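Structure first, commentary second.
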Amino acid sequence: MSAIRLRNPFVTGYYEGEDYFCDRKEEVALLQKHVDNGRHVTLISPRRLGKTGLIEHFFAQSYIKKEYYTFFVDIYATTSLSEFVALMGKEIFKKLKPVKTKWGESFLQMVSSLRPGVKMDSMTGDFTLELGLGDIQSAETTLDEIFDYLECADRHCIVAIDEFQQITYYDEKNVEALLRTKIQHCKNVTFIYTGSSRHMISQMFHSQAKPFYQSAIGISLKPIPKEVYRDFVCDMFSKYDKRIQSDVVDYVYDKYEGYTWYMQMMMNELFALTAVGEECDMQMISTAHANIIVSQEDYYRETLTLLATKQKMLLLAMAKEYVKSRKWIKGITSSDFIKKYKLPSASSVQSALRGLIDKNIVSVNEGSYRISDFFLTEWCATYL
């Protein structure tokens, strides 16, 4: 454990370092094996299972930091190739600003479509250099400049592109073919494509009709084993002079199906509720759960206001069904399910379901469904 410890060791939303990271040793070793052998990788997992944390942890390994330049580009919020290119340029520029090498300092000369600007920090009043989108006449040209620059690096580069399936939603046509053509000529760059939509990523890399067909090795991320996570949690509590009953960890793990973010949220709150020298027991779970749900309530209400009426009706029905059964839901368009929750016609339910899936509010697993956010599920079933 580092000399300066966090007040709460159960980190959510960012990577703090290996002292606060649980396991994934096999996955890190597998990623290193593929990268060292020049293989592009697809990393697939549902949202909130920990793929972003895994990439950050992989990039933080001393061997990787010594041998490679690493770049992480999250394109989930992008809507066009121009935004994709600008985001990649900004990430490379940000990572290379502190790199005092001739190559690192030549970025702005080689990638001439992107230009830096001076920005004042509103909190400190300090001026910083920030990269903005310049007068890009062609996103393709700028992408060529970026890839040419990476090819000239004095180390091999690893570029991880998070939520890679997002490129299929871009307005421009043939983005997949364009990127594949350019990437296949990159000899000095290994790409890691991550995605939360198993169906879409599988289509992109396993369909013979798609440009990225068989261009990467697939890794499917699974939940951390229960016994490993249990040991991690108990060890963390112990290091802060607190204790937690094993049954509490097992209950939380099972309730959230091993999804890392939800377990960490619960453990963060349970740790906060446990006094130094005291033990966390099963009675504290309901309090921790209620505290988290209340903290998310405004966001959940806003989410529902953006849904069509039939989508909202289906969402509430799915929440109630899941909380009762604790199983992924089958037969959503069946007459029994529709009658049970007083839903409209099967065709209307099917349309609403497609809309919820497109919004990433509902997840699909071999013909079964559930609301992606466990806390949203419980809020809908409990408070509405």
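For the reader, a short list of remarks on this structure follows.
- Enumeration of residues in segment 192-242 that are open to solvent by less than 60 Å² (accessible area, probe 1.4 Å), more than 24 Å from L31 (Cα to Cα) and hydrophobic (A, V, I, L, M, F, W, C): V233, C234, M236, F237
- Residue within segment 152-166 that is closer than 13 Å to G89 by Cα and surrounded by 17 or more Cβ atoms within 10 Å (Cβ to Cβ) present: yes
- Q61 at pLDDT 70 or above and farther than 30 Å from L30 by Cα: no
- In segment 58-69, the residues that are open to solvent by 20 Å² or more (accessible area, probe 1.4 Å) and either within 20 Å of the chain's Cα centre (by Cα) or aliphatic (A, V, I, L, M) (or both): F59, A60, Q61
- Selection of segment 220-242 for residues being among the charged types (D, E, K, R) and over 25 Å from I55 (Cβ atoms) yields K239, D241, K242.
- W379 meets each of the listed conditions (1) within 27 Å of D254 (Cα to Cα); (2) open to solvent by 30 Å² or more (accessible area, probe 1.4 Å); (3) touching a helix residue (DSSP H, G or I) at 6+ places or on another chain (Cβ under 7 Å) apart from (2).
- Complete set of residues in segment 70-92 that are open to solvent by 10 Å² or more (accessible area, probe 1.4 Å), touching a strand residue (DSSP E or B) at 6+ places or on another chain (Cβ under 9 Å) and not in a helix (DSSP H, G or I): T70, F72, D74, Y76
- Residue check for A346: of a type in the set (G, A, S) and in contact with a Phe, Trp or Tyr (Cβ under 9 Å, 6 or more places away or on another chain): no
- Taking first residues from segment 4-23 that are within 10 Å of H57 (Cα to Cα) and partners that are open to solvent by 40 Å² or more (accessible area, probe 1.4 Å) and acidic (D, E), the Cβ contacts under 8 Å between residues at least 6 apart in sequence or on separate chains come to Y15/E56.
- Flag if S2 is under 30 Å from F271 (Cβ atoms), out of contact with any strand residue (DSSP E or B) (no Cβ under 6 Å at 6 or more places or on another chain), at pLDDT below 95 and open to solvent by 40 Å² or more (accessible area, probe 1.4 Å): yes
- Pairs with Cβ under 6 Å, 6+ apart, first in segment 372-384 and in contact (Cβ under 8 Å) with a residue 24 or more places away in the chain and within 16 Å of G258 (Cα to Cα), second in a helix (DSSP H, G or I) and open to solvent by 30 Å² or more (accessible area, probe 1.4 Å): F375/Q296
- Residue in segment 39-62 that is assigned to a helix (DSSP H, G or I), out of contact with any strand residue (DSSP E or B) (no Cβ under 6 Å at 6 or more places or on another chain), small (G, A, S) and touching a residue at least 24 places away in the same chain (Cβ under 8 Å) present: yes
- The lone exception for K173 - which of (1) open to solvent by 40 Å² or more (accessible area, probe 1.4 Å); (2) in contact with a Leu (Cβ under 6 Å, 6 or more places away or on another chain) it fails: (2)
- Members of segment 345-371 that are open to solvent by less than 40 Å² (accessible area, probe 1.4 Å) and either farther than 28 Å from E163 by Cβ or without any contact (Cβ under 8 Å) to a residue 24 or more places away in the chain (or both): S348
- Residue that is farthest from R48 (Cα to Cα), among those in segment 243-269 that are of a type in the set (S, T, Y) and surrounded by fewer than 18 Cβ atoms within 10 Å (Cβ to Cβ): S246
- Subset of segment 15-37 [at negative phi, touching a Leu at 6+ places or on another chain (Cβ under 8 Å) and in a loop (DSSP other than H, G, I, E, B)]: E16
- Flag if N188 is open to solvent by 10 Å² or more (accessible area, probe 1.4 Å), closer than 20 Å to T287 by Cα and polar (S, T, N, Q): no
- Going through (1) open to solvent by 20 Å² or more (accessible area, probe 1.4 Å); (2) modelled with pLDDT of 95 or more one by one, R47 falls short only on (2).
- Residue check for D336: acidic (D, E) and more than 18 Å from S246 (Cα to Cα): yes
- Of the criteria (1) modelled with pLDDT of 95 or more; (2) under 24 Å from M200 (Cβ atoms); (3) not charged (D, E, K, R), which one I357 fails: (1)
The values are calculated or read from the model by the stated rules, or taken from the named source; none is laboratory data. Every value quoted in this text rests on a predicted model; they were computed, and no experiment measured them. Here Cβ is always computed from backbone atoms with ideal geometry, including for glycine, and neighbour counts include all displayed protein chains. For the accessible areas, the whole protein counts, side chains as well, though only heavy atoms, and no ligand, DNA or RNA atoms are used. Shrake-Rupley method; radii C 1.70, N 1.55, O 1.52, S 1.80 Å.
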